[in-house]
Amino acid sequence: WNVNSRELLDSLRVTLKANHVAFIQGAPGVGKSDIVRQLASKYNLKVIDLRLSQCDITDLNGFPKISGDKASYLPMDTFPICTDSVPVDSNGWLLFLDELNSASKSVQAAAYKLILDRMVGQHKLHDKVFIIAAGNRAEDNAVVNDLSTALKSRMITLQLEPDVESWLDWANQNGIDFKVSAFIRFKGISGLHKFDPESTDTAYACPRS
């Protein structure tokens, strides 16, 4: 369903506590990554930012290891597994699977086990690893591949829409110059977010910029 940034934060808190995986979709620059980092800061979680569009299958499944007459897979140190210790002064990790729907079909398939079974190859993720995924929208001319129905049915999809009041709340809490906030309040949504996927302009207004 469609949410603004405040509603998204509230929804993510619920999914985090229930240990479900949320998938955030939205236009480029709308603030997906920043909201995930806000959530991680609130709950004192160490962010693991993994761009799946840049991953290979072995990044998720691990590398083969031969021991005697059998082979197994060693997980990448990107992923905290059950034998790892929680970082000092932290409550765990927030695994941010960014650009999920920009990943190739083979990488998406490899991510099934990570998202659905909470496993990296043959190793279980640490109990204190929480997962959030994000991606752009096909209608924004972004590089997007369809997600399988099996993967979509295991995630809670939240469509992030820009919202002036939510952004002004964030700006007030983060020391944004009052002149910028006054401009956004005056111009409304056209001053905050004016993204046209067909435009050839080199820059555009969005919450990020």
Q: Would you mind telling me which numbered condition in (1) closer than 21 Å to MET155 by Cα; (2) over 17 Å from the mean Cα position of the chain (by Cα) ARG137 fails?
A: (2)
Q) Restricting to the stretch 161-181, what's the tally of residues that are in a loop (DSSP other than H, G, I, E, B), of a type in the set (Asp, Glu) and under 17 Å from HIS193 (Cα atoms)? A) 2
(Q) Checking LYS152 against (1) more than 18 Å from GLY31 (Cα to Cα); (2) touching a residue at least 60 places away in the same chain (Cβ under 8 Å); (3) open to solvent by 20 Å² or more (accessible area, probe 1.4 Å); (4) in contact with a Leu (Cβ under 9 Å, 6 or more places away or on another chain), only one condition comes out false. Which one? (A) (4)
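Looking at the stretch 182-196 only, could you name the residues that are exposed (fewer than 13 other Cβ atoms within 10 Å of the Cβ), part of a loop (DSSP other than H, G, I, E, B) and not small (Gly, Ala, Ser)? First the steps, then the outcome.
Within the stretch 182-196, the subset exposed (fewer than 13 other Cβ atoms within 10 Å of the Cβ) is 182-183, 186, 188, 190, 196.
Okay, now just the ones that are also part of a loop (DSSP other than H, G, I, E, B), so 188, 196.
Within the stretch 182-196, just ASP196 meets the criteria.
Quick one: which of LEU147, LEU158 is open to solvent by less than 80 Å² (accessible area, probe 1.4 Å), under 24 Å from ARG51 (Cα atoms) and part of a loop (DSSP other than H, G, I, E, B)?
Exactly one residue qualifies, and that residue is LEU147.
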Q) Since ILE131 meets every condition but one in (1) among the hydrophobic types (A, V, I, L, M, F, W, C); (2) in contact (Cβ under 8 Å) with a residue 60 or more places away in the chain; (3) outside any strand (DSSP E or B), which condition does it not meet? A) (3)
(Q) Let me spell it out: the conditions are (1) surrounded by fewer than 16 Cβ atoms within 10 Å (Cβ to Cβ); (2) in contact with a Gly (Cβ under 8 Å, 6 or more places away or on another chain), and GLN54 meets all of them except one. Which number is the exception? (A) (2)
Q) Restricted to the stretch 6-37, and to residues that are open to solvent by 20 Å² or more (accessible area, probe 1.4 Å), among the polar types (S, T, N, Q) and over 12 Å from the mean Cα position of the chain (by Cα), which residue is nearest to ASN172 (Cα to Cα)? A) SER11
Q.
Residue under question is GLY68, and the condition is that it be at pLDDT below 90, touching a Leu at 6+ places or on another chain (Cβ under 7 Å) and more than 24 Å from ILE156 (Cα to Cα); does it hold?
A. no
Q | Among (1) modelled with pLDDT of 90 or more; (2) open to solvent by less than 20 Å² (accessible area, probe 1.4 Å) - the single one LYS128 does not satisfy | A | (2)
(Q) Anything in the stretch 89-125 that is under 20 Å from LEU39 (Cβ atoms), in contact with a Ser or Thr (Cβ under 8 Å, 6 or more places away or on another chain) and open to solvent by less than 10 Å² (accessible area, probe 1.4 Å)? List them, or say none. (A) PHE96
(Q) Conditions first: (1) at pLDDT 90 or above; (2) charged (D, E, K, R); (3) over 30 Å from SER166 (Cβ atoms). ASP10 passes all but one, so which condition is the exception? (A) (3)
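The values are calculated or read from the model by the stated rules, or taken from the named source; none is laboratory data. All figures in this text were calculated on a predicted structure; none of them were measured in a lab. A quick note on method: Cβ atoms are made from the backbone with ideal geometry, for glycine too, and the neighbour counts reach across all protein chains shown. Just so you know, the surface numbers come from the protein's heavy atoms only, side chains and all, with ligands and any DNA or RNA stripped out. Shrake-Rupley method; radii C 1.70, N 1.55, O 1.52, S 1.80 Å.
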